[in-house]
1. Would segment 174-281 count as rounded, prolate or oblate if I go by the C-alpha gyration tensor, calling it rounded below 1.5 in a/c and otherwise prolate when a/b exceeds b/c, oblate otherwise?
2. Using a 1.4 Å probe on the protein heavy atoms, what percent of the accessible area of segment 165-214 belongs to carbon and sulfur?
3. Output the peptides 72-79, 244-251 sorted from most to least packed, where packing is the average of other Cβ atoms within 10 Å over each peptide's residues.
4. What is the packing order of peptides 85-91, 201-207, 230-236, taking the mean over residues of other C-beta atoms within 10 Å and listing the highest first?
5. Find the accessible area per residue for segment 172-249; the probe is 1.4 Å, ligands and nucleic acids are left out, and the unit is Å².
Amino acid sequence: MRRMSALAVIAAALLILPASASAASKEQQLLMAELRIMQQNQQMLQQSLIALADTLKTVSGRLDEQAGASRKALADQRLLIEGMTDTVRNLREKSDDTNVRLSSITQELESIRQTMASQPVPVAVVPSTEPAAEPGVPGAAPTPPSAVPAAATPPPNVSPQRTYDSAYSDYAAGQYDLAVVGFQTFLKFFPRHMSADDAQLNIGNSLYNSGKYKEAVVEYERVISDYPSTDSVPAAYYKLGQTYMALKQNDLARKQFETIMKTYPRSNEATLAKQALDRIK
């Protein structure tokens with residue numbers, strides 16, 4: 001009986017062993033499948049990490065480029081602001097200089113007005129009844145040179161060169177009305193100065209540039225009559241010819257140019273006069 005029970009136990013054990021081995025094999029297969037899935041997921045995760053790293057690198061490069069562009073833009077703006085600051089500073093300095101010059105000119109003009117107001121009234125000169133000859137006409141009686149007026153007493157602290165330079169600055173800046181006043185003031189106080197003929201010529205030039213041709217004719221004729229031995233006379237003849245051309249009086253203009261070529265053949269104005277005569281012809 002006991003022997004039969006032992007055999008039954010052994011038989012049952014032999015029946016259970018294949019079933020246990022089969023179950024272990026299935027579990028092992030499941031584990032292997034899960035392991036493969038995990039390995040695949042790990043590979044996919046690594047690929048994702050690599051792609052993310054590349055993306056981060058690209059974004060970082062773009063950010064660096066944008067940061068560089070921003071720094072450059074800021075540097076350019078800083079340079080622009082510094083340049084504008086320098087420009088404003090220069091303009092302010094020029095404005096201050098202009099204000100100082102205007103103040104000085106105002107004081108000089110006020111002093112001149114006071115001096116002119118204190119001057120005696122000039123005696124009127126009776127004009128000659130003889131007809132005046134046209135300037136520059138060959139064969140015509142020459143116009144006797146008028147005496148240069150006596151110099152008025154200049155205000156204190158007024159120098160000839162400073163007065164002339166102030167007037168010429170206005171002339172160069174195109175302020176022709178102010179230039180005329182400045183040159184006339186210069187001639188009033190310094191009529192015998194070495195630049196007096198230039199001042200008289202520039203009065204005519206200022207009037208010519210302002211389109212006041214008839215008044216310019218009078219001033220150019222004064223250069224010829226008041227300063228006949230100066231180097232401004234050929235220029236006055238030439239400008240006089242140009243003024244007559246502007247007035248559509250070509251015959252008178254031709255006479256001025258011919259006078260230059262005859263009297264001052266070696267002057268620069270002689271070459272200009274010849275060209276002007278060719279244009280008239």
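1. Values: a/c = 2.49, a/b = 1.45, b/c = 1.72.
It is oblate, given that a/c is not under 1.5 and a/b is not larger than b/c.
2. Numbers: 1130 of 2310 Å².
The value for segment 165-214 is 49 percent carbon and sulfur by accessible area.
3. Details: 72-79: 10.0, 244-251: 14.2.
Per-residue mean Cβ counts within 10 Å order the peptides as 244-251, 72-79.
4. On the way: 85-91: 10.0, 201-207: 25.1, 230-236: 21.4.
Sorting 85-91, 201-207, 230-236 by mean packing, highest first, produces 201-207, 230-236, 85-91.
5. Values: 3400 Å² over 78 residues.
Dividing the accessible area of segment 172-249 by its residue count gives 44 Å².
The values are calculated or read from the model by the stated rules, or taken from the named source; none is laboratory data. What you are looking at is a predicted structure, and each value in this text was computed from that prediction instead of being measured. Every residue, glycine as well, gets a Cβ built from its backbone with ideal geometry; the counts of neighbours run over all protein chains shown. All accessible areas refer to the heavy atoms of the entire protein, side chains included, with ligands and DNA or RNA removed. Shrake-Rupley method; radii C 1.70, N 1.55, O 1.52, S 1.80 Å.
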